[in-house]
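Presented below is the structure to which this report refers.
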Amino acid sequence: MTAILDRRTTPARPDLAARHLLGQVEARAFVDSKPMRVVVPSAPLRREPRPDAPLDTEALCGEEVDLYESFEGWAWVQLRSDGYVGYLPDDALRPGAAAPTHRVSALRTFVYPGPSMKLPPLAAISLGAGVSVSHEAGDFAVLSEFGRFSTGYVFAGHVAPLATAETDFVAVAERFLNVPYLWGGKTSLGLDCSGLTQLALAAAGIASPRDSDMLEAALGQPVAFDDSLRDLKRGDLVFWKGHVGILTDPDTLLHATAYTMSVYSEPLRTARDRILAKSFGAITSIKRLS
């Protein structure tokens, strides 16, 4: 009876599974989910419920999640944004929190306790995080709530209504140049290759899955290529087994890479040759979104 399902996006364990998977997987119990929202700047989604477990991805402020179990400080959840399943610290979540009206459009911005940049900030939140704005006061957007705080103030120029989309996802990705590499990261403090791609696409209103193999399967149309790597375009996505980069022009690759432990820009052919020799092997595909 058990189907072969991707553990990354399937809320099922031997002891517990989502009720909607009844008949598709084997588990000792099936439960309904409870809607929750992330109320911290970002929260680590880990593969196992312990602080030293691998980081699979991060959930950003304002994200909705489906909660299946909460125990000993951990919440077993599925992110609604991309379907990823894992364990979040349960104090990062709250039921009934205000739904976001805006998203952070700057690489990173501070949340202040009042309408002054001279006040000690409450927190810093990264591009793509969601906040609930009640009104504006001078240069600041006033938040109806922020985590455990009854309000917060963000520079109004650093947030945009949820319906606002960037026109060039590549330009968004370029703003992350030199940001540190972090496996599983998805903020301007650190991110990995697929996190960079997913964040940039999301800012342009393009929903996408989390990992590079998922991105390769889900996005765009294949572009024919040979060893010359000619006839490519800005915005083409270049895939290896376990890696993805974004072309900023026909000859230049932007990617978050462990080679420099940063978001790095380099000639595509240089990256192709090094990666072939030292890490992920040959390019598996090049995909074009339009």
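Read through the list (1) farther than 25 Å from residue 128 by Cβ; (2) out of contact with any Pro (no Cβ under 8 Å at 6 or more places or on another chain); (3) not hydroxyl-bearing (Ser, Thr, Tyr), then give the number of the only condition that residue 230 fails.
The single condition residue 230 does not satisfy is (2).
Kindly check whether there is at least one residue in the stretch 124-131 that is under 26 Å from residue 205 (Cα atoms) and more than 18 Å from the chain's Cα centre (by Cα).
No, that holds for no residue.
Only one of these conditions is not met by residue 148: (1) among the charged types (D, E, K, R); (2) exposed (fewer than 13 other Cβ atoms within 10 Å of the Cβ); (3) closer than 30 Å to residue 243 by Cα. Which number is it?
Unmet condition: (3).
Residues in the stretch 270-287: is at least one hydrophobic (A, V, I, L, M, F, W, C), within 22 Å of the chain's Cα centre (by Cα), within 15 Å of residue 170 (Cα to Cα) and surrounded by 15 or more Cβ atoms within 10 Å (Cβ to Cβ)?
The answer is no, given that none of the residues of the stretch 270-287 is hydrophobic (A, V, I, L, M, F, W, C), within 22 Å of the chain's Cα centre (by Cα), within 15 Å of residue 170 (Cα to Cα) and surrounded by 15 or more Cβ atoms within 10 Å (Cβ to Cβ).
Being assigned to a loop (DSSP other than H, G, I, E, B) and assigned by TED's automatic domain parsing to the domain that holds residue 198 narrows it down to one of 213, 226, so name that one.
Residue meeting the stated conditions: 226.
In the stretch 235-268, what count of residues is obtained for those that are part of a strand (DSSP E or B) and not hydroxyl-bearing (Ser, Thr, Tyr)?
Here is the first cut: in the stretch 235-268, the ones part of a strand (DSSP E or B) are 237-240, 243-249, 252-257, 262-267.
Then keep just the ones that are not hydroxyl-bearing (Ser, Thr, Tyr); that gives 237-240, 243-247, 249, 253-256, 263, 266-267.
So the answer is 17.
Considering only residues that are under 17 Å from residue 210 (Cβ atoms) and either free of Cβ contacts under 8 Å to residues at least 24 places away in the same chain or touching a Lys or Arg at 6+ places or on another chain (Cβ under 8 Å) (or both), which ones fall in the stretch 18-52?
The one that is under 17 Å from residue 210 (Cβ atoms) and either free of Cβ contacts under 8 Å to residues at least 24 places away in the same chain or touching a Lys or Arg at 6+ places or on another chain (Cβ under 8 Å) (or both): 42.
The values are calculated or read from the model by the stated rules, or taken from the named source; none is laboratory data. Treat the numbers as computed from the prediction; the structure is a model and nothing was measured. Reconstructed Cβ throughout: ideal geometry from the backbone, glycine too, with neighbour counts over all protein chains shown.
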